[in-house]
Amino acid sequence: MLFRRRKPDGLLERVRTYLWPRRSFSRSLQYFSKRILRLKATPHAVAAGVAAGVFASFFPVGFHFIIAAVLCWVIAGNLVAAALGAVFFGNPLTFPILWGASWETGKLILHDRLPAHGPPAHLGEMLHTLSFAKLWHPILEPMLIGAVPLGLVFGLLFYGVTRWGMNVFREQRRKRLAERANRREQPPHPGASIGSATR
């Protein structure tokens, strides 16, 4: 492949680049935005896919990929856009914030059903053993319930921004193509042919 690195990055380097881009986060944002804007799908499909990926990012790992795929099928979203939205919005740097916000929101919604002093003292043991039955009530239930309103708010926000960006990008591209076609169709200036003939 053209411009491929002579020595491919190792696993640690790829993980480091995923967590912290080589150049800057602004370049990464431009890269993801261009990949999304250039998808060959309707503006609604792309925006709905991004919204599905953002919505699913608030859910714990193991749930969000399934949720994003199902939601894309329900709202006619683009799966590639959903994957890009999930990778950009939900990543190892943002997962603690997203999941913490989901858990806190779920605790507020379920305030009368959870212990008054937050998670139980043996939370570390439950996370280590990964017992679903033990994790459900103190951790997973509030996270799943809290993820719904947060995911809806941010999903709708990203849907609007993405659809607006798609419309602007495609309108600008349409104008550029129209201008290029007009320049090709215009006949050459008469003075140019006369000047070239007298040389």
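Every number in this text was worked out from the coordinates using simple rules, so none of it is lab data. Here the structure is a predicted model, which means the values were calculated and not measured. Glycine gets a Cβ as well: all are built from the backbone with ideal geometry, and neighbour counts include every protein chain shown.
Here are some notes:
- Spin-label proximity, residue 156 to the range 49-63 - amide N less than 20 Å from point 7 Å beyond Cα toward beta carbon: 49-59
- Förster radius 22 Å - calculated FRET efficiency between residue 94 and residue 164 (Cβ-Cβ, nearest 0.05): 0.45
- Computed extension length for residue 173-residue 137: 7.8 nm, one decimal, from 0.36 nm per residue of separation with the Cα-Cα distance subtracted.
- With the simple model of a label 7 Å out from the Cα in the direction of the Cβ, residue 104 to residue 37 spans 3.4 nm.
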